[in-house]
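Visitor: Sharing a structure below in structure tokens format, with a few things to ask.
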Amino acid sequence: MSKMHLVMGGRVKNPQTLEFEDLNAVDFVGVFPDYASAEKAWRGAAQRTVDDAEMRYVVVHLHRLLEPELPDTTA
């Protein structure tokens, strides 16, 4: 199985949490085959909203959700 990563973000209720204000408005940047490409996409999305403290982008390790019993060998 590839190490799939999801990059997504949106406006949060509190900049110190990941509670999104409107789940229908979440920006799904994409799914990436490795952490390096996901991080590059995350940086691009986060940089576009750097001046807005209530916008937050994250990298979700989909492979960890799909097969949690596998050892983590990469970030």
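Throughout, read-outs are computed from the coordinates displayed, never taken from laboratory work. All values derive from a computational prediction rather than experimental measurement. Reconstructed Cβ throughout: ideal geometry from the backbone, glycine too, with neighbour counts over all protein chains shown.
Visitor: Counting helices only, and only those DSSP H runs with n ≥ 4, report the 222 nm mean residue ellipticity of the chain as the sum of -39,500 (n - 2.57) divided by its residues, in deg cm²/dmol to the nearest 500.
Guide: Details: 2 runs with 19 residues, N = 75.
When only DSSP H runs of four or more count, the value is -7500 deg cm²/dmol.
Visitor: Scan region 1-54 for GluC sites (Glu not before Pro) in coil per DSSP, keeping those whose Cβ has at most 11 other Cβ atoms within 10 Å, and list them by number.
Guide: Those that pass, being in a loop and sparsely packed, are GLU19.
Visitor: Report the extension gain between GLN47 and TYR35 in nm, rounded to one decimal, defined as 0.36 nm multiplied by the number of residues separating them, less their alpha carbon distance.
Guide: Additional length available on full extension: 2.6 nm.
Visitor: Grab the other residues whose beta carbon is less than 9 angstrom from that of ARG11, score K and R as +1, D and E as -1, and report the net. Don't skip to the answer; put the middle values down first.
Guide: Values: positive: LYS13, ARG56; negative: GLU21, ASP22, ASP52, GLU54.
Result for the local shell: -2.
Visitor: Further question: Using the Cα centre of the chain as the reference point, and only Cβ charges (+1 on K/R, -1 on D/E), how large is the resulting charge dipole? Debye, rounded to the nearest 20.
Guide: 180
Visitor: Okay, next question. Putting +1 on Lys and Arg Cβ atoms and -1 on Asp and Glu Cβ atoms, find which of SER37, MET8, VAL26 reaches farthest to the positive end of the dipole of the chain.
Guide: The one lying farthest along the dipole's positive direction is SER37.
Visitor: Specify the angular offset, from 0 to 90 degrees and rounded to the nearest 10, of the alpha carbon long axis of helix 35-48 from the longest principal axis of the alpha carbons in the chain.
Guide: Helix 35-48 sits at roughly 0 degrees to that axis.
Visitor: For region 1-56, which trypsin sites (Lys or Arg not before Pro) are both in a DSSP coil and crowded by at most 12 other Cβ atoms within 10 Å?
Guide: On the way: sites: LYS3, ARG11, LYS13, LYS40, ARG43, ARG48, ARG56; in loops: LYS3, LYS13.
Sites meeting the loop and neighbour criteria: LYS13.
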